[in-house]
Amino acid sequence: MAKPTVLIVDDEKSAREGLVRALRRDYRVFAAENGTSALEVLGSQNIDVLLSDVRMPGMDGITLLQRALANYPELTVIILTAYGDVDMAVEAMKHGATDFMTKPINLDKLELVLDRLLKAKKIELENEQLKVQLDNKYGLENIIGRSAPMQEVFDTIRQVAGSRATVLIQGESGTGKELVAKAIHQLSSRNKGPFVAVHCAALSQNILESELFGHEKGAFTGAMERRIGRFEKADGGSLFLDEISEIDANVQVKILRALEERQVERVGGDTPVDVDTRLIAATNRDLKAMVEDGDFREDLFYRLYVVVITLPPLRERQDDILLLLNHYLAVFNEENTKQIEGFTPAAYELLAAYDWPGNIRELRNLVERMVVLARGKVLDVSDIPAQVREKARGGGEVKVDAELTVDEMEKRMIIQALEKTGGNRTKAAEKLGISRRTLHRKLNQYEIH
């Protein structure tokens, strides 16, 4: 296994060389006498830990810390300070330093600190890799969102997927309920079995009953042969019933029996058929209210209401809108062989201010239309359909202002993101949908301090 790499930065030659000698047995050690040389080493070597003095001529340790983390955000940084520089060490921690130590350095303590930090970093990396592997394997990468409400949804999916519990997914039309159902299936032990989806509102009740439970030959006019229903087709897997609120009472009774007895009877038949099918249902209506109004069976409601996942509407997922816009821009760029570079800040602000009554489905269709009809390299306010522009409400502190230039709008967005994240550049970059390195470049460009 390759040794971890440590870069020591100190203008005092004796202190620098002493640390090199002390660490080189267990680490690959690089040394630099000033901040400029240290940045050159960081650019040419894969460094795990930066160990830097805080007081140096030219570029001090705080400035080096900021520049290093702007370009290498995964870097672990330990600041070395004199005994009286604790305030400066605290300042370094605010700017992203992982730890600090006072001079003269206790080498035994340094070894312990390095060992602790590198082990923690290794565990964090392994956990992140495991999460990525799980998401890629189980289809969570198809659900786009990093907002707090969506993180709760992801956590619930992971918790419930391994059980046999019936799941009810609630949410407005277009919020991605079928994607969640597929993720639950893929994350479960049933993922080798079939995933069968039925959109209940699209079928008349007679046809729906036959679709769900199948029918025997001669069961009704036109039934020329036996047909296997969706419950049987999903045996060993998952059955997804979308818009279950639209099913009439007679079919509801048969679904309840299938859940309770794990058996179905085909239309026109009298022999029960065993099925091992997990039911995942979805609705865009308030089932509780329907039960109170007598429009949905109470006993079926409680069979469905075991685990409930509520998908937030897009208007409550402000942090995800830019992410979704950029995702579908890439999708439709590829589908239409276009090379549109992105959205202007003014266009983004307008789209972020819109209520999205059709949720993600509406956003997806809107981006496709904008890409297909776009004439320029960047999508601007003029590319947004008039009805969307007219309905967009005021969206946050930054308002679309025709008098501002694109650069001025971008500067306002960056300042607002930094204010909302308490100056945390990593979180601000995530909120803006850009890398930390890009944010750092923009801060310099607009002279934002």
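The values are calculated or read from the model by the stated rules, or taken from the named source; none is laboratory data. Small disclaimer: the values here were computed from a predicted structure and weren't measured. No Cβ is skipped: glycine too gets one built from the backbone with ideal geometry, and neighbour counts run over all protein chains shown.
Worth pointing out:
- Among the candidates K177, K217, residue that is closer than 22 Å to P272 by Cα and either under 24 Å from the mean Cα position of the chain (by Cα) or of a type in the set (D, E, K, R) (or both): K217
- Only one of the numbered conditions (1) assigned to a loop (DSSP other than H, G, I, E, B); (2) within 21 Å of H199 (Cα to Cα) is not met by G269, and that is (2).
- Any hit, region 69-83, residues being surrounded by fewer than 17 Cβ atoms within 10 Å (Cβ to Cβ), at pLDDT below 85 and farther than 29 Å from R441 by Cβ: yes
- Every condition in (1) more than 30 Å from Y72 (Cα to Cα); (2) modelled with pLDDT of 85 or more holds for V400 except the one numbered (2).
Matching residues to (1) under 16 Å from V198 (Cβ atoms); (2) of a type in the set (G, A, S):
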{"site": "E232", "(1), (2)": "yes, no"}
{"site": "S238", "(1), (2)": "yes, yes"}
{"site": "V253", "(1), (2)": "no, no"}
{"site": "E261", "(1), (2)": "no, no"}
{"site": "L287", "(1), (2)": "no, no"}
{"site": "D295", "(1), (2)": "no, no"}
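- Filter pass, K131 being charged (D, E, K, R), in contact with a strand residue (DSSP E or B) (Cβ under 8 Å, 6 or more places away or on another chain) and either at pLDDT below 85 or closer than 20 Å to I309 by Cβ (or both): no
- Unmet requirement for G43, which otherwise passes all of (1) at pLDDT 90 or above; (2) loosely packed, with under 14 Cβ neighbours inside 10 Å: (1)
- Scanning region 290-304 for residues that are assigned to a loop (DSSP other than H, G, I, E, B), surrounded by 15 or more Cβ atoms within 10 Å (Cβ to Cβ) and of a type outside the set (F, W, Y) turns up just one, R297.
- Restricting D108, D155 to residues that are under 30 Å from T310 (Cα atoms) and at pLDDT 85 or above narrows the list to D155.
- Just so you know, in region 305-356 the residues that are among the hydroxyl-bearing types (S, T, Y) and part of a loop (DSSP other than H, G, I, E, B) include one that is farthest from T156 (Cα to Cα), and it is T337.
- Pairs where the first residue, in region 273-299, is assigned by TED's automatic domain parsing to the domain that holds S163 and the second is assigned to a loop (DSSP other than H, G, I, E, B) and of a type in the set (A, V, I, L, M, F, W, C), C-beta under 6 Å, 6+ apart: T277/A234; L287/F296; M290/F296
- Residues within region 260-289 that are hydrophobic (A, V, I, L, M, F, W, C) and surrounded by fewer than 16 Cβ atoms within 10 Å (Cβ to Cβ), tallied: 1
- Checking region 336-358 against the condition returns no match, with no residue being under 17 Å from the mean Cα position of the chain (by Cα), polar (S, T, N, Q) and not assigned by TED's automatic domain parsing to the domain that holds M150.
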